[in-house]
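The values are calculated or read from the model by the stated rules, or taken from the named source; none is laboratory data. The model shown is predicted, which means the values in this text are computed figures rather than measured ones. As a convention, Cβ positions derive from the backbone with ideal geometry for all residues, glycine included, and neighbour counts pool all protein chains shown. With ligands, DNA and RNA removed, areas are computed over all heavy atoms of the protein, side chains included. Shrake-Rupley method; radii C 1.70, N 1.55, O 1.52, S 1.80 Å.
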Amino acid sequence: MDHAVGTAAGGTTAPPGAGHSDAAPPAAAAAPVPVRLPDHADAADPPTVLAAHGCWYPSADPTGEHVAFICDRAGVPQLWSGPARGHEAHVLDGDPDPVTEVSWSPDGRWIAYTSAPGGGEHTRVLAVRPDGTGRQVLAGAEPGSSAHLGCWTRDGTALAVTVAQPSASGAEHAGPGHLPPDTDGPAATGARTPGAAWSERGGTATLLGAPPPHTAARPGPDVGRVRGGGLAAYLVDPDGAHAPVLLYGEQGAASLRVCDTSPDGRFALVRRGPRGRREALVLDTGSGRTTFSLHVADGDPWIGRFAADARTLWLRSDTDREFAALLRVRLDEQGAGRHVSVTVERKESALDLLSMPDHGRWALLAWNVHGATELESMGLPLTDADGDIGPRHRPVLPHEVVTRIAPVERGGLFAALAGSRRRPGIWELDQGLVPARAGWSAPDEEAVPPGRPPVRPVPLRCRARDGLMLGGWYYRAPGQDPGRPAPCVIHLHGGPEEQERPVFSPLYHELLGRGLDVFAPDVRGSSGWGRSFVDADLGAGRFAAIDDVADCAAHVVSLGYADPVRLGVMGRSYGGYLTMASLVWHPDLFRAGVAVCGMSDFATFFAGTEPWIAQSATAKYGHPEHDRDLLRALSPMSRIDQLRAPVLAVHGEHDTNVPPTESEQFVRAARGRGVPAQQLTLRDEGHEFLRADNRRLYRRAAADWLERHLGSPRPPAAGPADSAGAVPRSS
């Protein structure tokens, strides 16, 4: 492999495989400075193992004999490692900071991972040797900064990291909200221009204006000058022999991740752009020039890989189609795309995960079939002359959903599986794709709390008032009188591009144990049902998404499952926003609500969130200046006088995605109008609740609140006739 040499901020030699850089790093996203940490010392006694715990996000060493993974058996997600076919696992980083991603280097010498100090949203990238020594922060150690994990170079000598500028200074907040001042139009953000209208497209809406331009890191004298909301990608050498090398920088960036580098180091595959407008870039690492770009799907950020000869790029993309498929991009010697073709696609099913080993002889594909996963392996041509794809195999999985795939170079894979009756666990699939649970991953009978079996949900379909078909899953509480409607909680997922999937939810388990049914729908804006469905809530379409919640409630009432006078609504993140919105748009429908990390006012949300979050949210919700009237009309605070139902708000104290003030102002306004309202603030948590004790506190507080307010009907209890069916059916 050719080893390019260059200079970076430190003025020293670049890591092998990296291009040269003649530009200074971005002004507000300076090159990361690695910081050595004390090695983790194993305690005399092993950590306390929770009775019910999960293991997920596997990454295998090059031999496939050992696996690094995330496990919460000590009460917080931490980095662990264990033998592929043994039973003893050990913790590699025992700090209380939750771990979110893991990647073992191709040469086997390092394990890189992402952690969230204090449980917040400002993450950092670390590396540790497989024996637990050499632990260091590679990026994100500076106060107020944040860093995200990228790929390793193929030889394992450098790791790509994305660095986000600190958001504490005032200069980058000069524009509307947290958007940089030069993003005030379609050329910079893709948001519509002042006075432009939302364009209707068969009941959906699209944002007007050209996609945001990408800025290569080194084409001219002002290259890499990343101002407000800037992100920059660097190659970092964990051995410390070479200074970080700037690969790519973008001001006003919404997301940025380096997904792969070609085997010869000439090209990098970068995913960038806001939600709904992601694109893949092929970057010439020597010149910083973008040689190819293509729209790619939302969801898993690891969008593709280069073939061994760097003349073929495999991508997971939904360009020009409703559902993501596997695309083959033929590249010329300069990295330009010469031909794009669909290699594998499925009707009504999206490609969720794409993974392949470095040698590129085969690929692993996880297909989303209405929320469940079908896993498939297939052979790949190594060069253009090798023809079409090879044999395809579909293993039978013991659980419904695959959340992560880790291929092994010699063959086989490790997969993180989840299902309606277990927490996440890791399974090995040999070359015959026969699944076997890893010895250190909890057995199914130990993966959920004891006392009562988990409930397997049934799929439901219902039609919204405008005719759009919605989907979801219904959970019937054990012991319910089969002939009588039950109290029911409508639970709304986040995103809104997430999807409700049949995986075990401790929250649902808690609610069901209190005698409360749960209906978890996918309202418009959710993924898994095609691009048009995802886009159906854009612009004024969000009013229809709020109505979807009411239509879902009416549907389960009409089936006789839910008691119309004992309906509750709850959700987190975007689902928290939708909970607040449902309570004020349909004040007589719901008897209680629980809003978790939700946005109550778009103006204050844009003013308080992270710059890159604001940039991405603009494409989804609207621009805080150009769409001010629309966003005001969509904000729950604008209708707070309609609130009737008691509401509990839950928030992590370190949430910088949706600041806690969003919950505080809603609770304060509710109380000011005499409506019962409380707020639970979880310590050492951010937007995601990752610590076992806090998650338990949250579940119990939410269940207590809903049980208290839904436990008995308000007279008169006049509802539809009792259902004749004992168990909810698909409809």
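Is it the case that segment 103-119 has a residue that's over 18 Å from Pro58 (Cβ atoms), within 18 Å of the chain's Cα centre (by Cα) and at pLDDT below 95? Looking through segment 103-119, at least one residue is over 18 Å from Pro58 (Cβ atoms), within 18 Å of the chain's Cα centre (by Cα) and at pLDDT below 95. Given the condition over 18 Å from Glu400 (Cβ atoms), charged (D, E, K, R) and more than 25 Å from the chain's Cα centre (by Cα), answer yes or no: does some residue in segment 494-512 qualify? No; the residues of segment 494-512 include none that is over 18 Å from Glu400 (Cβ atoms), charged (D, E, K, R) and more than 25 Å from the chain's Cα centre (by Cα). When the residues of segment 513-531 are filtered to those that are open to solvent by 30 Å² or more (accessible area, probe 1.4 Å) and within 20 Å of the chain's Cα centre (by Cα), which remaining residue is farthest from Pro453 (Cα to Cα)? Filtering first and then ranking leaves Arg531.
Buried (at least 19 other Cβ atoms within 10 Å of the Cβ), touching a residue at least 12 places away in the same chain (Cβ under 8 Å) and among the acidic types (Asp, Glu): is that true of Asp332 in this structure? Answer is no for this residue. Return the residues of segment 290-318 that are of a type outside the set (Phe, Trp, Tyr), open to solvent by 10 Å² or more (accessible area, probe 1.4 Å), out of contact with any Leu (no Cβ under 6 Å at 6 or more places or on another chain) and within 21 Å of Ser616 (Cα to Cα); say none if nothing qualifies. Leu294, His295, Asp298, Gly299, Pro301, Asp318, listed by residue number. Here Ala619 clears all of (1) within 26 Å of Leu710 (Cα to Cα); (2) within 21 Å of the chain's Cα centre (by Cα) except the condition numbered (1).
Yes/no per residue for (1) in a strand (DSSP E or B); (2) closer than 30 Å to Gly515 by Cβ; (3) not aliphatic (A, V, I, L, M):
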{"position": "Glu409", "(1), (2), (3)": "no, no, yes"}
{"position": "Ala418", "(1), (2), (3)": "yes, yes, no"}
{"position": "Gly425", "(1), (2), (3)": "yes, yes, yes"}
{"position": "Glu428", "(1), (2), (3)": "yes, no, yes"}
{"position": "Gln431", "(1), (2), (3)": "no, no, yes"}
{"position": "Glu445", "(1), (2), (3)": "no, yes, yes"}
{"position": "Val448", "(1), (2), (3)": "no, yes, no"}
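Summed over segment 346-359, the residues that are surrounded by 17 or more Cβ atoms within 10 Å (Cβ to Cβ) and not in a strand (DSSP E or B) give a count of 3.
Considered as a group, the residues in segment 448-494 that are small (Gly, Ala, Ser) and surrounded by fewer than 17 Cβ atoms within 10 Å (Cβ to Cβ) include one that is farthest from Arg572 (Cα to Cα), and that residue is Gly483.
One line per residue, one yes/no per condition, for (1) open to solvent by 10 Å² or more (accessible area, probe 1.4 Å); (2) hydrophobic (A, V, I, L, M, F, W, C); (3) within 21 Å of Arg695 (Cα to Cα):
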site: Thr63; (1), (2), (3): yes, no, no
site: Val67; (1), (2), (3): no, yes, no
site: Gly75; (1), (2), (3): yes, no, yes
site: Ala84; (1), (2), (3): no, yes, no
site: Pro98; (1), (2), (3): no, no, yes
site: Ala112; (1), (2), (3): no, yes, no
site: Asp131; (1), (2), (3): yes, no, no
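The selection criterion, being of a type outside the set (Ser, Thr, Tyr) and touching a residue at least 60 places away in the same chain (Cβ under 8 Å), does not hold for Arg271.
Yes or no, residue by residue, for (1) closer than 12 Å to Ala703 by Cβ; (2) free of Cβ contacts under 8 Å to residues at least 40 places away in the same chain; (3) not in a loop (DSSP other than H, G, I, E, B):
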position: Tyr508; (1), (2), (3): yes, no, yes
position: Phe519; (1), (2), (3): no, no, yes
position: Val534; (1), (2), (3): no, no, yes
position: Gly539; (1), (2), (3): no, no, no
position: Ala544; (1), (2), (3): no, no, yes
position: Ala550; (1), (2), (3): no, yes, yes
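Checking Asp588, Asp537, Asp548 one by one, the residue that is open to solvent by 10 Å² or more (accessible area, probe 1.4 Å) and among the charged types (D, E, K, R) is Asp588 and no other. With respect to the conditions (1) part of a loop (DSSP other than H, G, I, E, B); (2) in contact (Cβ under 8 Å) with a residue 60 or more places away in the chain, Ala127 lacks only one, and its number is (1). Among the residues of segment 628-648, is any open to solvent by 10 Å² or more (accessible area, probe 1.4 Å), outside any helix (DSSP H, G or I) and within 25 Å of Gln78 (Cα to Cα)? Looking for residues that are open to solvent by 10 Å² or more (accessible area, probe 1.4 Å), outside any helix (DSSP H, G or I) and within 25 Å of Gln78 (Cα to Cα), one finds none in segment 628-648, hence no. Flag not set for Val33, criterion: open to solvent by less than 20 Å² (accessible area, probe 1.4 Å) and either out of contact with any helix residue (DSSP H, G or I) (no Cβ under 7 Å at 6 or more places or on another chain) or modelled with pLDDT of 70 or more (or both). Checking each residue in segment 599-627 for being buried (at least 21 other Cβ atoms within 10 Å of the Cβ) and of a type in the set (Ser, Thr, Tyr) picks out Ser600, Thr609, Ser616, Thr618, Tyr621.
It is to be established whether one or more residues within segment 369-378 are more than 28 Å from the chain's Cα centre (by Cα), open to solvent by 20 Å² or more (accessible area, probe 1.4 Å) and either closer than 28 Å to Thr63 by Cβ or touching a residue at least 24 places away in the same chain (Cβ under 8 Å) (or both). Quick ask: steps written out before the conclusion?
Step one: filter segment 369-378 for residues more than 28 Å from the chain's Cα centre (by Cα), giving none.
Scanning segment 369-378 turns up no residue that is more than 28 Å from the chain's Cα centre (by Cα), open to solvent by 20 Å² or more (accessible area, probe 1.4 Å) and either closer than 28 Å to Thr63 by Cβ or touching a residue at least 24 places away in the same chain (Cβ under 8 Å) (or both).
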